[in-house]
């Protein structure tokens, strides 16, 4: 999964292992960055009247996912990391909703939304895996 605290006996050991890694090594962060890039490209074709509406909301949610993973990895305790991962996971669900709405409103092609939703599903699973690894 890219990161975890499996086979670490204590929270202190887990925190030490977390500190030894860089957030850019986390597969969840890497995939979330790919999603953010894809969202920026996809929203570039939205109508100009959506610039401060759906486009801005989608971009903000997309940026929030890798940013919260990175922020959480930089925190001092597994609990703080878990809180930020929870925020990132919420942003995954928020962005999924925006993508579905963009398709319903015929602002995005079905192929684009299908690809984004597939990527978001993977990121959601990776973030869930990180959360689960912190709870072991």
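The values are calculated or read from the model by the stated rules, or taken from the named source; none is laboratory data. From a predicted model like this one, the values you see are computed outputs, not experimental measurements. Glycine also receives a Cβ, built like all others from the backbone with ideal geometry; neighbour counts cover every protein chain displayed.
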Do we have residue 122 as surrounded by fewer than 19 Cβ atoms within 10 Å (Cβ to Cβ), farther than 21 Å from residue 26 by Cα and modelled with pLDDT of 95 or more here? no
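One line per residue, one yes/no per condition, for (1) out of contact with any helix residue (DSSP H, G or I) (no Cβ under 7 Å at 6 or more places or on another chain); (2) assigned to a helix (DSSP H, G or I):
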position: 55; (1), (2): no, yes
position: 60; (1), (2): yes, yes
position: 64; (1), (2): no, yes
position: 72; (1), (2): no, yes
position: 75; (1), (2): no, no
position: 84; (1), (2): no, yes
position: 87; (1), (2): no, yes
position: 106; (1), (2): yes, no
Would you check if there is a residue in region 71-82 being under 24 Å from residue 24 (Cβ atoms), buried (at least 19 other Cβ atoms within 10 Å of the Cβ) and more than 16 Å from the chain's Cα centre (by Cα)? yes
